[in-house]
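Comments concern the structure below.
The values are calculated or read from the model by the stated rules, or taken from the named source; none is laboratory data. Predicted, not measured: the structure shown is a model, and the values here were computed from it. FYI the Cβ positions are ideal-geometry reconstructions off the backbone, even for glycines, and counts take in every protein chain you see. Ligands, DNA and RNA are excluded from the accessible area calculation, which covers all protein heavy atoms including side chains. Shrake-Rupley method; radii C 1.70, N 1.55, O 1.52, S 1.80 Å.
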Amino acid sequence: MTLFVNDISQLDVAFWCPQKGLSGASWAVDVELDGHLGEDGMLFDFGEVKPWIKKSLDSGPDHTLLVPTQAPGVSITTRGEDCIIRTTQPYAMEVRGPRRAFTLLPWPAINAERMAVHYGEQLSRRPPQRIESVRLQFREEAIEGAAYGYSHGLKRHAGNCQRIAHGHRSRLLIWCDGRRQPSLEQRWAERLDARYLVDVEDIIDQTSASLTLGYRASQGEFRLTLPRERCELLPTATTVEQIATWLVAQVSHQDAPLSHVRVQAFEGIGKGARAEAILEMRAWQKATPGNQ
């Protein structure tokens, strides 16, 4: 007998890609459980499936940096309870923090299929009564239109978002004067894809070529050095609310200075924030003689 539950959980992670470097991913999680029925006619109570699966994933890969330790140019050093990860290609990066902020996997690259098999096998080793095996599927959200994978860290967050390199894959929606702007959405998504979103307050050192970020959070000390060209600087914390607000300001200034701009920014799957702005300049232009 097989029991299945779709969309049982979500994973939001950063990962190191040998081709793109540091990027973000969001996966919906489906599960299938094989086993035998009990006297109650049930394999496993649906109400117990979700917390069991979710607890395992939340305490494991979720909101960590996934590191393929066999990828070219990747080296790992441990110091006490901290971990230092260095890369050389496709660019140089150094990130350090508590060991639990990283998921080290002995693979040459990260992909959703291999992740699902790996964690399904882990769950199958100590299953609940009546369960014989567990199969997981990690799948990207089907997005028609613009999407981008980014990474960031939120030092003031009480939970795992404080980890300096976690990420999301997100859709992006932009309206100007009530009309969707697919070309703008695509341009901004391409600009932000595989980028690290920086809160300028976190910059502790910089050169013309690189930025070093650092902060202390409740889980420990975090440091990250990246090429400047792989970073996008924001004047605030990089929460999804502030990302939406920043995008409204950027689009209003660069792309549609006389428009009512609205942005819907997502943080992974099915959640996010909206922001909008009507520039005073538009009203001023309409009221100025000769601009009618």
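Only aspartates and glutamates eight or more places from K271 in sequence, or on another chain, were considered; those with a Cα closer than 20 Å are D7, D12, D30, D58, D62, E140, E141, E144, E185, D193, E241. Dipole check for the chain: with +1 at the C-beta of Lys and Arg, -1 at the C-beta of Asp and Glu, and the Cα centre as origin, the magnitude is about 660 Debye.
Of all beta bridges that DSSP places with both ends in region 2-140, some 85 percent have antiparallel geometry. In the chain, the DSSP-assigned H stretches of four residues or longer account for a calculated mean residue ellipticity at 222 nm of -6500 deg cm²/dmol, using -39500 (n - 2.57) per stretch and the full residue count as denominator. The residues of the chain expose, per residue, 49 Å² of accessible area to a 1.4 Å probe.
Between H118 and E241, the modelled label-to-label distance comes to 3.4 nm, taking each label 7 Å out from Cα in the direction of the beta carbon.
Mind jotting down a quarter of the surface of the convex hull over the alpha carbons of the chain, in square nanometres, one decimal? Before the final figure, lay out each step's value.
Values: hull surface 74.8 nm².
Average projection, Cα convex hull of the chain: 18.7 nm².
Packing, taken as the mean count of other beta carbons within 10 Å per residue, orders the peptides 62-75, 178-191, 161-174 from highest to lowest as 161-174, 62-75, 178-191. Along the charge dipole of region 140-256, which of P235, T245, I174 sits closest to the positive end, that is, farthest toward it, with unit charges on the beta carbon of Lys, Arg, Asp and Glu (+1, +1, -1, -1)? Going by the Cα projections, it comes out as P235.
Which shape class, rounded, prolate or oblate, goes with region 126-169 when its Cα gyration tensor gives a ≥ b ≥ c as root eigenvalues, a/c under 1.5 marks rounded, and past that a/b bigger than b/c marks prolate? Verdict is oblate for region 126-169.
Where a ≥ b ≥ c are the square roots of the eigenvalues of the C-alpha gyration tensor, would you call region 1-95 rounded, which needs a/c under 1.5, or, failing that, prolate if a/b is larger than b/c, or oblate? Since a/c reaches 1.5 and a/b is larger than b/c, the shape of region 1-95 is classed as prolate. Looking at the chain alone, DSSP beta bridges between its own residues are antiparallel in about 85 percent of cases. Dipole size of region 24-90 about its Cα centre, with +1 on Lys/Arg Cβ and -1 on Asp/Glu Cβ: approximately 620 debye, rounded to the nearest 20. The ellipsoid that matches the Cα gyration tensor of region 41-181 has semi-axes, each √(5λ) in whole angstrom, of 29, 25, 16, with the longest given first. Peptides 142-155, 246-259, 47-60 ranked from most to least packed, by the mean per-residue count of other Cβ atoms within 10 Å: 142-155, 246-259, 47-60.
Take the Cβ-Cβ distance between E276 and D34 as r, set R0 to 41 Å, and report the resulting FRET efficiency rounded to the nearest 0.05.
The computed FRET efficiency comes out at 0.25.
Under 1.5 on a/c is rounded, so check that first for region 129-197, then, if it is not, pick prolate when a/b is larger than b/c and oblate when it is not; a ≥ b ≥ c are the square roots of the alpha carbon gyration tensor eigenvalues. Because a/c hits 1.5 or more and a/b fails to exceed b/c, region 129-197 counts as oblate. Counting only protein heavy atoms and a probe of 1.4 Å, the accessible surface of region 46-132 is 48% carbon and sulfur.
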